[in-house]
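Report on the structure given below.
The values are calculated or read from the model by the stated rules, or taken from the named source; none is laboratory data. Bear in mind that the values here come from a model prediction, so they are computed numbers and not experimental data. Using ideal geometry, Cβ is built from the backbone for each residue, glycine included, and neighbour counts are taken over all protein chains shown. Quick note on the areas: whole protein, heavy atoms, side chains included, nothing else; ligands and nucleic acids left out. Shrake-Rupley method; radii C 1.70, N 1.55, O 1.52, S 1.80 Å.
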Amino acid sequence: MRALRWILWSLTAIVLLMVAGLAGYRFEGMPQTDGELAVTGVQAPARIVRDVYGIPHVFAASDRDAFFALGFLHAQDRLWQLEMDRRIVAGRLAEILGPAALGTDRFLRTIGVQRNAERVTAQLDEATRASLQAYADGVNAGIGITRREPWKLSPEFLILGVRPQDWTIADSVGWMTMMAWDLSGNHANELLRFALSQKLSTAQVEELLETDPPVALPDLVKLYKGLDRGPVAQLLDGMPPGDIEGIGSNNWVVDGDHSSSGKPLLANDPHLGLNAPALWYFAHLSAPGLDVIGATLPGLPSVVLGRNRHIAWGVTNTGPDTQDLYLERIDAADASRYATPDGTLPFVVRNETIRVKGAADVVLQVRETRHGPVISDVHEDLKRALEGQHLGSRYVLAFKWTALSGENRMMSAGLGMNRAANWDEFVAALRDWSAPQQNFVYADVDGNIGFIAPGRVPIRKPENDLMGLAPAPGWDDRYDWTGYIPFDELPRAFRPAGGTVVTANQNILPPGYPYFVSAEFTQPYRHDRIRERLAARERHDVESFASIQSDVLSKAVEELLPILRRANPSSEPARLALARIGAWNGQMSADTAEPLIATAWIDRLRRRIFADEVGEKLFPLLERQRVRTGALVRALTVPGRAPWCDDVATPAIESCAQMVDLALEDAVQDLRARYGDDIAAWKWGEAHVAVSEHRPFSRQALLAKFFEIRTPSPGDTNTIDVGRNDPWDPKDPFASHWAPSLRAIYDLANPENSRFVYSTGQSGHVLSPHYRDMTERWARVEYLPMVTDRAAIEKDAYSTLTVVPGR
């Protein structure tokens, strides 16, 4: 008995010590936010005032010190995020995460984002270089504190045994390029067409990966005859995710004729993958000649989305085709050379050494052609398949992308945009914007609104019959680019007729536009719904814009409902589910069962109709990349398309009506297994939980419980309030992983009345009270004030830190 008491007291003491240690770490591990702090690099005292949500307002004596302070703040609050971002750019994840990260490292080393960033850095103008260096100095001042006080590192560093290295200008340039990658997805669609053409006719491929505006492709089956494209699926599955359906954005702006104040209103909500911490970091920078507030990206010194005292802006992805894949034919007589229109050239070869935690180093040989890096070398099976003997020739697959040109002045554009006071200055700054092409909407306090889509978009020859939609023969100069669309000929409008601009990744090109930009614009469901909501009232205000941002009517589901309602299910649970759909209007509300039934049903219907032809390996990749409602509607309603409904694996010929019935039975059976038999108790929001994933701890079940952020959410891929799920996720097939990463509304009658919110909180430290304190507000579509008035800021200050020059 005495021994048992001793064991219990010992265990209690251990638990108390652990709790005390955790409490001490939580207290001592937080960054200093009050008082005075001497740091090396700042040239004059800078005052940092934080509000109750930890949003900092920087008051500096120069813009150089303002950029320094922002770097310092990013290091204080988001150092692990910076560390991961830098390692992604450089292809150095395996150093800390082991062999599981090797595939990503191999791909990023191959395309050479870090090498390109170093080339861009060498060409920066002096003013941009100075701003980036000031920012890097600020980050490194924050890192310096953690070297003296390592307990101020967030838990990720301690758990993985990592120590941060100094930040460089090239790190910032590289991260800007990776943001362009996230919004560039054409390479994946090219690979899908390439792979699908081994199983399907060109007409079927066009049906599944439809184009807007329509492009008639040549016979892909004939073009690629003899090539084994099976391993393409493995390459696609291992590549870092780029632009997919649901990653896009909404923005819109109205002039004073459409607002209750008589001045413009502007709204923006970019849709990106949800992360913990969020991609964005809110900040206000004030210095002589600079007074800007909005969303910054850790790693960059400027406000990317926001306003100053004169103008406001928001962006969506244009979705241009800025990537092309090329089949390069290896010289039959000399495997170190490849064919070009003018003979053969040698591959440019370099070796990359990838360090791998817990394993031997990996030496990667990278080959480049005149078009770009050879990405088929990343995956051994694909390399073997393409380089095997096919009709007497061997091939590799090369990748060309505007963002890897070495000519990139994006940083200059961002800094200039922050200082712009009118339309002309705003447009002048955007002349330096290169990648990714974006749809900027603009408003100013003088009552003007505008739209411009800057970026480097390649010009393709009229005789190019592939138009960047599938891998092209690299030895045929028909498929080479001839330059870029001139900046002054990119789409734009100032004071547009009608007084309204709406972009939601739909086709933004005016009729008769002379240049090819893309054939893969997003379907216009969100755009059309925003237009409906704007037209529903004569004049708008901040509250009506907030209501539009919270809208969850799915026009894609609305389009399918008449087809679904004709179902004739055989089981009683399926009949009960159908009865609920009967009176439903397509509102994807979190507190109802109907969105869950419809989403599961439509997913199972797509599987029933398309998966047998596409194949079990490619179909999930196709669905993840492009969930196109049009192909499904046409298969079910257009004469001549019914063969899609027949299951090619059975001798019988199934009808579309049978598939609709069977898909409902499939869906209800799965939902009952997951959520119980009581359909009335099912809630879309509980299944469709918004998951802000942590890198890398979301992959560790125990750690994910602490580091991930989850909250119920409404919407679907095609609602204004977007929430895209991955139906192929076996654990959470309905969870939302892509959603509005932030929301902002700008009132140009009174800029201080502007507001914003994003999905997590300012801090990346899981023990901080600011790690997740915006999440519930974000889920409810509520906002925080966007204040730049110093008196109001000082009045509501939660903490104040003065950073002073140190030795």
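Computed quantities for the displayed model
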item: Any chance Val781 is more than 22 Å from Asn250 (Cα to Cα), open to solvent by 10 Å² or more (accessible area, probe 1.4 Å), assigned to a loop (DSSP other than H, G, I, E, B) and in contact (Cβ under 8 Å) with a residue 12 or more places away in the chain; result: no
item: Trp738, sole failed condition from (1) under 30 Å from Ile597 (Cα atoms); (2) open to solvent by less than 10 Å² (accessible area, probe 1.4 Å); result: (2)
item: Which numbered condition Ala649 fails, given (1) at pLDDT 95 or above; (2) more than 16 Å from Glu594 (Cβ to Cβ); (3) more than 33 Å from the chain's Cα centre (by Cα); result: (1)
item: Condition broken by Trp252, with the remaining ones in (1) modelled with pLDDT under 95; (2) open to solvent by less than 20 Å² (accessible area, probe 1.4 Å) satisfied; result: (1)
item: Selection from segment 395-427 of residues that are touching a Gly at 6+ places or on another chain (Cβ under 7 Å) and either over 28 Å from Thr121 (Cβ atoms) or part of a helix (DSSP H, G or I) (or both); result: Leu404, Arg419, Trp423
item: All positions within segment 195-211 that are open to solvent by 30 Å² or more (accessible area, probe 1.4 Å) and part of a helix (DSSP H, G or I); result: Ala203, Gln204, Glu206
item: Residue among Tyr746, Tyr798, Tyr771 that is among the aromatic types (Phe, Trp, Tyr) and open to solvent by 20 Å² or more (accessible area, probe 1.4 Å); result: Tyr798
item: Options Glu616, Glu686, Glu623, Glu665: the member that is part of a helix (DSSP H, G or I), acidic (Asp, Glu) and at pLDDT below 95; result: Glu623
item: When residues of segment 570-586 are limited to those that are of a type outside the set (A, V, I, L, M) and either over 33 Å from the mean Cα position of the chain (by Cα) or within 22 Å of Thr522 (Cβ to Cβ) (or both), the one least open to solvent (accessible area, probe 1.4 Å); result: Gly586
item: Flag for Ile143 being open to solvent by 50 Å² or more (accessible area, probe 1.4 Å) and of a type in the set (Val, Ile, Thr); result: no
item: Tally of residues being of a type outside the set (Asp, Glu), farther than 29 Å from Asp480 by Cβ and open to solvent by 10 Å² or more (accessible area, probe 1.4 Å) across segment 430-459; result: 4
item: Meets criteria (open to solvent by 10 Å² or more (accessible area, probe 1.4 Å) and either without any contact (Cβ under 8 Å) to a residue 24 or more places away in the chain or closer than 26 Å to Arg92 by Cα (or both)) for Arg309; result: no
item: Which numbered condition Asp488 misses (of (1) in a helix (DSSP H, G or I); (2) open to solvent by 10 Å² or more (accessible area, probe 1.4 Å); (3) in contact with a Leu (Cβ under 8 Å, 6 or more places away or on another chain); (4) not aliphatic (A, V, I, L, M)); result: (3)
item: Verdict on Gly358 being modelled with pLDDT of 95 or more, of a type outside the set (D, E, K, R) and within 30 Å of Tyr135 (Cα to Cα); result: no
item: Index of the failed condition, Ala567 passing every other in (1) under 22 Å from Pro740 (Cβ atoms); (2) surrounded by 16 or more Cβ atoms within 10 Å (Cβ to Cβ); (3) among the aliphatic types (A, V, I, L, M); result: (1)
item: Residues being buried (at least 18 other Cβ atoms within 10 Å of the Cβ) and either closer than 16 Å to Ser571 by Cβ or touching a His at 6+ places or on another chain (Cβ under 7 Å) (or both) - total across segment 667-692; result: 5
item: Residue match in segment 276-284 (condition: farther than 28 Å from Ile311 by Cα, part of a loop (DSSP other than H, G, I, E, B) and open to solvent by 20 Å² or more (accessible area, probe 1.4 Å)); result: no
item: All positions within segment 587-613 that are among the β-branched types (Val, Ile, Thr), open to solvent by 10 Å² or more (accessible area, probe 1.4 Å) and part of a helix (DSSP H, G or I); result: Thr599, Ile602
item: Candidate set from segment 645-661 (those that are among the aliphatic types (A, V, I, L, M) and in a helix (DSSP H, G or I)); member that is surrounded by the fewest Cβ atoms within 10 Å (Cβ to Cβ); result: Ala657
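For (1) out of contact with any strand residue (DSSP E or B) (no Cβ under 7 Å at 6 or more places or on another chain); (2) closer than 30 Å to Ile679 by Cα; (3) touching a residue at least 40 places away in the same chain (Cβ under 8 Å), each residue gets a yes or a no:
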position	(1), (2), (3)
Gln506	yes, no, no
Arg529	no, yes, yes
Glu538	yes, no, yes
Ser544	yes, no, no
Ser547	yes, yes, no
Asn568	yes, yes, yes
Ser571	yes, yes, yes
